[in-house]
Amino acid sequence: MTIRVMLVDDQVLLRTGFRMVLAAQPDMEVVAEAGDGVEAIQVLRASAVDVVLMDVRMPRLDGVEATRRICAQDGAPKVLILTTFDLDEYAFSALKAGASGFMLKDVPPGELLAAIRSVHSGDAVVAPSTTRRLLDRFAPMLPSGVQEPGHAGLQRLTEREREVMMLVAQGLSNGEIAARLVLSEATVKTHVGRILTKLGLRDRVQVVVLAYETGLVRAGGHG
């Protein structure tokens, strides 16, 4: 299956560089580009896209608001945020808006390609340890009690699903969770899928965010 990618960045040279890297991959194709969030939303209406590489700081409409509007649509593509600075509050806001992960713009090509495949598959959070550090830093900005529906959904989880959710929220991969709980990776993947369904979440990043919002995981520590 070919992963259809859209590049959204106001720097033409940067888009050109990413396009060259992606074009060399047999399983990827750049099918659309945009120079800001407004154009991205317009182009997406006429383009079939699987993964959007989204810059955060752009004119007219930034990547955070563009991500929020894109992810609110049914059948929306996955959004991978590209940021210049690690632990950027913009990246935090983008995760809250529905992005599936974020990468630094100077990431090695191999890591970027792996991240695109990971986001497309929905199996893993991009750089979960970095996502967790980001949340540790900005979790105090979270208002309390903003996820009452999430609280209700948590009551529907089985004891095992809650256990798996806690480990996902701590940034562990399926393999690491399987080892910790002495389960097969396939079983862990099944549990994660049920957690997403019961809580109405798009992916593992949203599991991490919800765990912080509901107090299951505390900044700088475990739940």
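Each reported figure results from applying straightforward, stated rules to the coordinates on display, with no laboratory input. Predicted model, so just to flag it, every value in this text is computed and none were measured. Using ideal geometry, Cβ is built from the backbone for each residue, glycine included, and neighbour counts are taken over all protein chains shown.
For the pair the range 17-77 / the range 176-201, the C-alpha centres are spaced 29 Å from each other. Of 120, 191, the sequence from fewest to most neighbouring Cβ atoms within 10 angstrom is 120, 191. Applying both filters, DSSP loop and at most 14 other Cβ atoms within 10 Å, to the chymotrypsin sites (Phe, Trp or Tyr not before Pro) of the range 1-101 gives 85. The Cα atoms of the range 1-82 define a convex hull whose projected area, averaged across directions, is 4.8 nm². Sorted on the mean count of surrounding Cβ atoms within 10 Å across their residues, most packed first, peptides 28-41, 94-107 read 94-107, 28-41.
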